[in-house]
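So the structure is just underneath, and the comments pick up after that.
Rule-based calculations on the coordinates, nothing more; no lab input. All values derive from a computational prediction rather than experimental measurement. As a convention, Cβ positions derive from the backbone with ideal geometry for all residues, glycine included, and neighbour counts pool all protein chains shown.
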Amino acid sequence: MTTQKSLIRKNPIWRRVSGGFTIIELMVVLAITAIASIYAAQKMMDEINLRTARLAGDGIKSVGKAVEMYIAGNSGTFPAAPFDITVANLQTLNLLPTSFPGTTPWGSGYTIRIRPLPGPPPIKYEALVVTTDPWIHKGVPRIPLLGAAVESIGMAGGLTYDATGAVGLKGSWAQPDTSVANYPAANAPGKLAYYISSSVNPNDSLYLRLDGTGVMAGNLQMGNKDITGANVINSIDLKTATVEATGDVKSASVNTGTVVATANVSGATLTSLGDINVGSGGTIRSPGRLHIQAEENLYLQPFANPAGSPTIVGGGGGSGSLNATNVVAANDVAITSLSSRPNAPTTTSVKTLLPKLVEIASYIVTANGQPVPVPTCPGGTPSVFILPHVTAGIAVGGVWGATIRMNGPSGGNWFVDARDAAGAAIPSARVPAGNFSAIVRSFCSY
């Protein structure tokens, strides 16, 4: 009787192949190898897709950064309405290299729209870069891979889940700002996006206009870092506990409202658009000159002092002289040296010593003996002044010209005494009629 063991040995399935493996063992090995190959192939495909997603993220990020620079350097020429630009425009301006492909790994181009934000000047702008075509495989948007691309971009990255618009990484930006109404290209699911904005948002892109007209929308936190290479720093209100310098503090220009110093403030030029306050007993010293700009006044005003406190010119080794190249207007001048002169007046006031002259009339005189009326001056004294005269005549013996003076008064008039070079009354042979004239002005002095 054939045993079970003998039957098994006779079964060809269980026979050794080449004296080493059975067919069952070989099939098991092949199955394991196939499964491993399928897993490895899938793993490789996933890695390829992930790299493709990151490559797509790098591409749209390059375009987005170029758009940021484009806005920073050209917003002064932007139209009032939203407008589109192209990758070619950015390449023409050298904001993108000419070697930049301009397409995504799935063959899509980029649509770029820039939009002015509502509000008063200076106008702020935002922009959205979105792929022209979605990333779709077998009719299904590749949202997980687009999410990986957005992760590689950072806070400015985003995508479209539907046809209503784009959203940012973890909701960092969203509609209505980036709705399809504002950006018509964000009209289908599966598109990759990059958002640029200069509005007040912690996730907005930070850029400064190259021409200096870009306005900060919030505070600039330096994080204990330095600001270097500044030529001029203008501040409306600079607040700090202590400014300390172990050496010199140098600046081409410092503009501020009020400078209060307990020690010296010195420099080649000190410019203030407001006040310079010097404490009690302090001094402003300058080895040079004090200049007041054109059409402005220099006021020396001692105030909050006892009445009559003087403003002193001189001292400290100075001569005390005050020189003026034009008119000096003063309420009064006191000549303190008058009291030491012989027969000195009892007052040092020039205002008291000098009479007040009130002009009454002006006359043109042309001949000897011409009368000039004496004005009536109640409480005052009539006076007359002769201005330079004009003479045209004949020189005789190398002598020519004329002299004029006033005689009188007599009978309510002064009389002109006009003589030519020979002493003859004008008009004369040497100064005919019409060749002589002078101006005489009458005053009342009080």
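With Cβ to Cβ distances under 13 Å as the rule, what net charge do the other residues near residue 161 carry (K, R +1; D, E -1)?
Around residue 161, the charge tally is +1.
Please compute the net charge surrounding residue 104, taking Lys and Arg as +1 and Asp and Glu as -1 over other residues with Cβ under 14 Å from its Cβ. Around residue 104, the surrounding residues sum to +3.
Sorted by average packing, counted as other Cβ atoms within 10 angstrom per residue and highest first, what order do 330-341, 376-387 take? Please list the in-between numbers first.
Details: 330-341: 9.7, 376-387: 13.1.
For the peptides 330-341, 376-387, the packing ranking is 376-387, 330-341.
Among the listed pairs 65/138; 61/191; 124/170; 65/191; 65/225, a Cα-Cα separation exceeding 21 Å is found for 65/138; 124/170; 65/225.
Among 123-135, 161-173, what's the highest-first ranking by average C-beta atoms within 10 angstrom per residue? Write out the running numbers ahead of the final one.
Working: 123-135: 22.0, 161-173: 17.8.
Final packing ranking: 123-135, 161-173.
Amide hydrogen proximity for residue 165: with H placed 1.01 Å from N in the peptide plane, the residues at 5 or more positions away or on another chain lying under 5 Å are 180.
Here r is the Cβ-Cβ distance between residue 292 and residue 362 and R0 is 51 Å; the resulting FRET efficiency, rounded to 0.05, is 0.90. For residue 276, no residue whose modelled amide H falls within less than 5 Å of its own remains once neighbours fewer than 5 places apart on the same chain are excluded.
What is the local net charge at residue 405, summed over the other residues whose Cβ is closer than 10 Å to its Cβ (Lys, Arg +1; Asp, Glu -1)? If you can, show how the numbers build up before the last one.
On the way: positive: 419; negative: 417.
Charge balance in the 10 Å sphere: 0.
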